[in-house]
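Okay, structure first, notes after.
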Amino acid sequence: MGLPLRKLSGDPDCENGTCPTLWATEDGKSYVVQGYVETDPERLAQLDLPEGESAVIVPAAVLEEFFRARR
């Protein structure tokens, strides 16, 4: 079983509670990013993702909120 997650920041414009969010594992060694799946073939080609990886789109506000809180 994976480590429990701790919510660090979320989309401030979220209206339904299941929006892009930044999470940390309980031990603080890893992050999980919840976002919208990137489906644009040109963007995905630029990333050259290996098997088992995927890309998500996260609003800048989610990461900005996290970094503001860490100052």
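The values are calculated or read from the model by the stated rules, or taken from the named source; none is laboratory data. Quantities reported herein were computed from a predicted structural model and do not represent experimental measurements. Every residue, glycine as well, gets a Cβ built from its backbone with ideal geometry; the counts of neighbours run over all protein chains shown. For accessibility, only protein heavy atoms count, side chains too; no ligands or nucleic acids. Shrake-Rupley method; radii C 1.70, N 1.55, O 1.52, S 1.80 Å.
Backbone amide hydrogens, once placed in the peptide plane, bring LEU8 within less than 5 Å of LEU22, TRP23, ALA24, excluding anything fewer than 5 places away on its chain. Since only THR39, ILE57, ALA24 are under comparison, the one whose Cα sits farthest along the positive direction of the charge dipole of segment 24-71, derived from C-beta charges on Lys, Arg, Asp and Glu, is ALA24.
At a probe radius of 1.4 angstrom, the accessible area of the chain per residue rounds to 80 square angstrom. Over segment 4-70, consider all pairs of different Cα atoms and compute the Kirkwood hydrodynamic radius from their mean reciprocal separation; express it in Å, one decimal. For segment 4-70, inverting the mean 1/r across all distinct Cα pairs yields 13.1 Å.
What the phi angles of segment 57-70 give under the Karplus curve with 6.51, -1.76 and 1.60, with θ = phi - 60°, is a coupling list of 9, 10, x, 3, 4, 5, 6, 4, 4, 4, 5, 4, 5, 7 Hz, glycine and proline written as x.
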